[in-house]
Amino acid sequence: MNFIEALNWRYATKKMNGEAVSQDKVDQIIEAARLAPTSSGLQPFNVILITDPELKAQIAQVANNQSQVIDCSHLLVFAAWDNYTEERIRTVFSRMNAERGVPDSATENYVQSLLDLYLNRSAHENHHHASKQAYIGFGMAIAQAAILKVDATPMEGFDNEKLDVLLGLEKYNLKSTTILPLGYRDAAGDWLINLKKVRKPVENFVITLD
Ligand SMILES: Cc1cc2nc3c(=O)[nH]c(=O)nc-3n(C[C@H](O)[C@H](O)[C@H](O)COP(=O)(O)O)c2cc1C
């Protein structure tokens, strides 16, 4: 299955059958998110991995009781930084420089430009920017799941604030952006499975400027 075939195979699974995804596949899906490109390489988000049935049941209650949250074997929560701080930005560049064997002075001007930009913005704006980076990782994870023939349902149909409280994300200075149940489709019970995948025709999608 090539990449486009995998994207056609996947769909936003509405009913999962409870079968467990192997840890190796879950690891590859998370790795795709970790390898996502992000603005300035800051990776301003984390992935929270949840398998506990009791916790999944509690999450379903703040996610419109969507059954996939319970019937998935692994639930990924994508959570973005609540704000950009000098410490967070410097930590990223210190690690990058150490791994590359480059002195911090080499990136100091660039780091300063990021600090000038982000530290003058509100926490709300900064979290919004960080969330957009989380969505890139989310997309990568969805695509990697499809390549592995693992079903996944991209979700923002949940109460972010309630989920943040439930998971205690404040202590990590994170806020949830999206959730991704991973599992396998229940072919007999899923109303969406046989419906055609519908997208804009390419001629309405691409605007060619001559
Ligand atoms: C950011 C985002 C949030 C979504 N939230 C939900 C959700 O809460 N529940 C759900 O069943 N599907 C959700 N979907 C699935 C979309 O409805 C679905 O991707 C879209 O209709 C296209 O269909 P397909 O994914 O089956 O190709 C979401 C998709 C995205 C990308």
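The values are calculated or read from the model by the stated rules, or taken from the named source; none is laboratory data. Quantities reported herein were computed from a predicted structural model and do not represent experimental measurements. Backbone-built Cβ (ideal geometry, glycine too); neighbour counts: all protein chains shown.
Is it the case, given these coordinates, that residue 115 is of a type in the set (A, V, I, L, M, F, W, C) and within 24 Å of residue 146 (Cα to Cα)? So residue 115 fails the test.
For the residues 186, 159, the requirement of being of a type outside the set (Lys, Arg) and in contact with a Lys or Arg (Cβ under 6 Å, 6 or more places away or on another chain) singles out 186.
Given the structure, is residue 130 of a type in the set (A, V, I, L, M, F, W, C), out of contact with any Pro (no Cβ under 8 Å at 6 or more places or on another chain) and part of a helix (DSSP H, G or I)? Taking the combined requirement at face value, the residue does not satisfy it.
Taking residues in region 88-103 that are more than 13 Å from residue 40 (Cα to Cα), and partners anywhere that are surrounded by fewer than 16 Cβ atoms within 10 Å (Cβ to Cβ), the pairs with Cβ atoms closer than 6 Å and at least 6 places apart or on different chains are 97/104. Being in contact (Cβ under 8 Å) with a residue 40 or more places away in the chain and in contact with a helix residue (DSSP H, G or I) (Cβ under 8 Å, 6 or more places away or on another chain) is not true of residue 119.
Yes/no matrix, rows are residues, columns are (1) surrounded by fewer than 16 Cβ atoms within 10 Å (Cβ to Cβ); (2) under 30 Å from residue 57 (Cβ atoms):
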{"site": "80", "(1), (2)": "no, yes"}
{"site": "92", "(1), (2)": "no, no"}
{"site": "106", "(1), (2)": "yes, no"}
{"site": "109", "(1), (2)": "yes, no"}
{"site": "113", "(1), (2)": "yes, no"}
{"site": "117", "(1), (2)": "yes, no"}
{"site": "127", "(1), (2)": "no, yes"}
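Residues in region 47-74 that are surrounded by 13 or more Cβ atoms within 10 Å (Cβ to Cβ) and acidic (Asp, Glu): 71 only. Please indicate, with yes or no, whether at least one residue in region 188-196 is closer than 19 Å to residue 12 by Cβ, within 19 Å of the chain's Cα centre (by Cα) and at pLDDT 95 or above. No, region 188-196 has no match at all. Of note, residue 158 does not satisfy the criterion of being within 11 Å of the chain's Cα centre (by Cα), on the phi < 0 side of the Ramachandran plot and at pLDDT 95 or above. Residue-level check: of (1) over 18 Å from residue 144 (Cβ atoms); (2) within 13 Å of the ligand (Cβ to nearest atom); (3) among the aliphatic types (A, V, I, L, M), residue 75 misses just (1). For region 77-115, residues that are outside any helix (DSSP H, G or I) and either of a type in the set (Val, Ile, Thr) or under 27 Å from the mean Cα position of the chain (by Cα) (or both) total 11. Checked against the criterion of being surrounded by 19 or more Cβ atoms within 10 Å (Cβ to Cβ) and within 17 Å of residue 74 (Cα to Cα), the candidates 174, 180 yield just one match: 180. Candidates are the residues of region 183-210 that are charged (D, E, K, R) and outside any loop (DSSP other than H, G, I, E, B); the one that is surrounded by the fewest Cβ atoms within 10 Å (Cβ to Cβ) is 203.
Taking the criterion of being within 18 Å of residue 34 (Cβ to Cβ) and either β-branched (Val, Ile, Thr) or more than 12 Å from the ligand (Cβ to nearest atom) (or both), the residues of region 138-164 that qualify are 140, 142, 144, 147, 148, 150. Cβ separations smaller than 7 Å between residues 6+ apart or across chains give the following pairs from region 128-140 residues that are farther than 21 Å from residue 151 by Cβ and among the polar types (S, T, N, Q) to residues that are assigned to a helix (DSSP H, G or I) and more than 14 Å from the ligand (Cβ to nearest atom): 133/39.
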